[in-house]
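Student: Next up is a structure, given as C-alpha cells.
The values are calculated or read from the model by the stated rules, or taken from the named source; none is laboratory data. Note that this is a predicted model, so its numbers are computed, not measured. Each accessible area value is taken on the protein alone, full model and side chains, heavy atoms only, with ligands, DNA and RNA left out. Shrake-Rupley method; radii C 1.70, N 1.55, O 1.52, S 1.80 Å.
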Amino acid sequence: MSLVSFPDVSAVYDGREHKAVIQGTLPSGVTVSYRNNALTDAGKKTAVASFKGEDDHLPIPDMEAKLEVTKADVSGITFSDKTVTYDGLPHSLSIEGALPLGTTVSYDVSGKVNAGEY
C-alpha cells in the first residue's frame, strides 16, 4: 500500500461532479470503496477510501482526501441598454460575453413590441 495515495481534489464550479480517486496500483486481492466522495456545488468535504483485503492481508487503514469546489468567477459579461425605433417587431435584450459552464441566465422582460420603456 506504500505506492497507493488518495490525493486531494480542487476544482472550480463547472456543473459537473468531482470525485477523488486513488492513485497507484492496489496489491493483488485488495479492493477499494469510497464514501462521501462526490461534490458538484461549491463547498468542501472529506472523502474516504476504504480498503478490503483477502484473509491473508492485515487490516488496511482508510485514507482521506479533501474535496473542494470553488465558486466560478462570472466576469466579462455585459448587459447594456438598447434603444430601437418602433417597427412592429418584437425586441429584447441579452447579455454579451461567455457564461462559465454550468451557468445560465434568464430574462424578465423580452419580446416587447409596443413603444415605451421596459
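Student: Aspartates and glutamates near K52 by alpha-carbon distance under 14 Å, same-chain residues fewer than 8 away left out - which ones?
Tutor: D62
Student: What is the pair-distance distribution P(r) of segment 78-118, computed from all Cα-Cα distances in 5 Å bins starting at 0, with each bin given as a whole percent?
Tutor: For segment 78-118, the pair-distance distribution reads 6, 18, 29, 20, 13, 8, 5, 1.
Student: Checking the cross-link filter: which lysines have an alpha carbon closer than 26 Å to that of K112, excluding same-chain neighbours under 8 positions apart?
Tutor: Within the straight-line cut-off, K112 pairs with K82.
Student: Would you kindly state how much longer the chain becomes between D73 and Y118 on full extension, computed as 0.36 nm times their sequence separation minus their alpha carbon distance, in nm to one decimal?
Tutor: Working: separation 45, 0.36 × 45 = 16.20 nm, distance 2.89 nm.
This chain segment gains 13.3 nm when fully extended.
Student: Of all accessible surface on the chain at a 1.4 Å probe, what whole percent is carbon and sulfur?
Tutor: On the way: 4320 of 8660 Å².
It is 50 percent, rounded to a whole number.
Student: Any idea what the relative contact order of the chain is, in percent, if you count C-alpha pairs under 8 Å spaced at least 6 apart?
Tutor: Values: 210 pairs, mean separation 27.9, N = 118.
Relative contact order of the chain: 24 percent.
Student: On to the next question. Note the full-extension length gain between T46 and Y34 as 0.36 nm times their separation in residues minus their Cα-Cα distance, in nm to one decimal. Write down the numbers at each step before the final one.
Tutor: Values: separation 12, 0.36 × 12 = 4.32 nm, distance 1.09 nm.
3.2 nm is the gain from fully extending T46 to Y34.
Student: Which order do S75, S28 take by accessible area at a 1.4 Å probe, largest first?
Tutor: On the way: S75 70, S28 105 Å².
Greatest to least solvent exposure: S28, S75.
Student: Report the far tail of the P(r) of the chain, meaning the percent of Cα-Cα pairs longer than 25 Å. Intermediate values should be presented prior to the final figure.
Tutor: Numbers: 3640 of 6903 pairs.
Above the 25 Å cut-off, the chain has 53 percent of its Cα pairs.
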